[in-house]
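Chemist: My structure is below; once you've seen it, I'll send some questions.
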Amino acid sequence: MNLVFLGPPGAGKGTLAAKAVDILGIPHISTGNIFRAAIAAGSPLGVKVKSILDSGKLVDDETTIGLVKERLAQADAQKGYILDGFPRTIPQAEALAAFSSVDKVVNFDIPDSGVLERLSGRRVCRSCGHNFHMVYDRPKKENICDYCGGEVYTRDDDREDAVRKRLEVYRAQTAPLIGYYRSKGLLLDVDARPAVEQVVENFRKAVQV
Ligand code: AMP
């Protein structure tokens, strides 16, 4: 199954994707995680995108589309994928349609108040990208990832000014994808406000898995 996860920053797309990987046995492909890994590795891509991520703006479509096209060509993505954070613009959605066929788009629905609460407590593993939350899902050992032992840190773009910018960018550039995919009959709305277990249930019902 080829799935796209849509929703504002902090809706819980990454957390749900980690659960959906276990349910569906297909890879979780997060463009944000790919960019952060490139930054951590100091690769040319990382050097190019670091200040863009820090500001909360979007990386250009050409770079992002090229990256996803290459990733979807890999062997593990042939049985399906969960795309998290891509597409984020209409041109990205149109490019995706040209090289892959999306089965369902899951729209994680949450008001801004929920987003701010989630992002202010969010912590991320620098090595494997797993998401934690300082109130709902703390790492067992302070600042150490339960899954890979990596360092757990606060993303630079989870600062309040960057969060505000990311929400603005989401509304202007990404939210139009809701109508775009609804008109194609691909959109499934999932209430993302409750605790993770309930959102997993909402997801399973919507996708029928
Ligand atoms: P995320 O982890 O999905 O919140 O993404 C973090 C940051 O990576 C975003 O604020 C953008 O700067 C960049 N990014 C991730 N996905 C995309 C995309 N599809 N298009 C452009 N920029 C992206």
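Chemist: Being at pLDDT below 95 and over 16 Å from the mean Cα position of the chain (by Cα) is the filter here, so list the residues in the range 55-70 that pass it.
Modeler: Ser55
Chemist: Taking the condition touching a strand residue (DSSP E or B) at 6+ places or on another chain (Cβ under 8 Å) and away from the ligand (no atom under 12 Å from the Cβ), does Val47 pass?
Modeler: No, not satisfied.
Chemist: Looking for whichever is near the ligand (Cβ under 10 Å from one of its atoms) and assigned to a helix (DSSP H, G or I) here; the options are Asp161, Asp76, Asp54. Which one fits?
Modeler: Asp54
Chemist: Now for a different question. Identify the single condition in (1) among the aliphatic types (A, V, I, L, M); (2) within 21 Å of Asn131 (Cβ to Cβ); (3) at pLDDT 95 or above; (4) not in a strand (DSSP E or B) that Ala95 does not satisfy, given that it satisfies every other one.
Modeler: All conditions are met except number (2).
So that you can scan it fast, the table gives a plain yes or no per residue for (1) in contact with a strand residue (DSSP E or B) (Cβ under 6 Å, 6 or more places away or on another chain); (2) open to solvent by 20 Å² or more (accessible area, probe 1.4 Å):
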| residue | (1), (2) |
| --- | --- |
| Val115 | no, no |
| Arg118 | no, yes |
| Cys125 | yes, no |
| Cys128 | no, yes |
| Met134 | no, yes |
| Glu151 | no, yes |
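Chemist: Among all residue pairs at least 6 apart or on different chains, which show Cβ distances below 8 Å where the first residue, located in the range 181-200, is farther than 15 Å from Pro8 by Cβ and the second is part of a loop (DSSP other than H, G, I, E, B) and open to solvent by 40 Å² or more (accessible area, probe 1.4 Å)?
Modeler: Leu186/Asp103; Ala195/Tyr136; Val196/Tyr136
Chemist: Residue check, Val190 against (1) closer than 26 Å to Tyr136 by Cβ; (2) modelled with pLDDT of 95 or more; (3) of a type outside the set (Gly, Ala, Ser); (4) not in a strand (DSSP E or B), all met but one. Which one?
Modeler: Against the list (1) closer than 26 Å to Tyr136 by Cβ; (2) modelled with pLDDT of 95 or more; (3) of a type outside the set (Gly, Ala, Ser); (4) not in a strand (DSSP E or B), Val190 comes up short only on (4).
Chemist: Take the residues in the range 1-32 that are out of contact with any strand residue (DSSP E or B) (no Cβ under 8 Å at 6 or more places or on another chain) and assigned to a helix (DSSP H, G or I), then tell me which one is nearest to the ligand (Cβ to nearest atom).
Modeler: Out of the qualifying residues, it is Lys19.
Chemist: Here's another thing I want to ask about it. Could you check, for the range 136-143, whether at least one of its residues is in contact (Cβ under 8 Å) with a residue 24 or more places away in the chain and within 15 Å of the ligand (Cβ to nearest atom)?
Modeler: Checked the range 136-143: no residue is in contact (Cβ under 8 Å) with a residue 24 or more places away in the chain and within 15 Å of the ligand (Cβ to nearest atom).
Chemist: Show the residue pairs that are 6+ apart or on different chains and have beta-carbon atoms under 7 Å apart, the first residue being within the range 51-64 and under 14 Å from Arg88 (Cα atoms), the second being near the ligand (Cβ under 6 Å from one of its atoms) and open to solvent by 50 Å² or more (accessible area, probe 1.4 Å).
Modeler: If the second residue must be near the ligand (Cβ under 6 Å from one of its atoms) and open to solvent by 50 Å² or more (accessible area, probe 1.4 Å), the pairs left are Leu58/Arg88.
Chemist: Would you pick out the residues in the range 19-40 that are in contact (Cβ under 8 Å) with a residue 12 or more places away in the chain, more than 17 Å from Pro194 (Cβ to Cβ) and open to solvent by 30 Å² or more (accessible area, probe 1.4 Å)?
Modeler: Val21, Ile23, Leu24, Gly25, His28, Asn33, Ile34, Arg36, Ala37, Ile39, Ala40
Chemist: So Ala95 clears everything in (1) under 22 Å from Gly14 (Cβ atoms); (2) open to solvent by less than 50 Å² (accessible area, probe 1.4 Å) except one condition, right? Which one?
Modeler: Result: Ala95 passes all but (1).
Chemist: Given the structure, is Ile65 under 24 Å from Val47 (Cβ atoms) and either surrounded by 16 or more Cβ atoms within 10 Å (Cβ to Cβ) or of a type in the set (Ser, Thr, Tyr) (or both)?
Modeler: Yes; evaluated as a whole, the condition is true for this residue.
Chemist: Something else now. For the range 79-88: of the residues being within 7 Å of the ligand (Cβ to nearest atom) and at negative phi, which is most open to solvent (accessible area, probe 1.4 Å)?
Modeler: Filtering the range 79-88 for residues that are within 7 Å of the ligand (Cβ to nearest atom) and at negative phi, the one most open to solvent (accessible area, probe 1.4 Å) comes out as Arg88.
The values are calculated or read from the model by the stated rules, or taken from the named source; none is laboratory data. Being a predicted model, the structure only gives us computed values, none of them experimental. For neighbour counting, all protein chains shown are included, and Cβ atoms are generated from backbone atoms with ideal geometry for every residue, glycine included. SASA here: full protein model, heavy atoms, side chains in, ligands and nucleic acids out. Shrake-Rupley method; radii C 1.70, N 1.55, O 1.52, S 1.80 Å.
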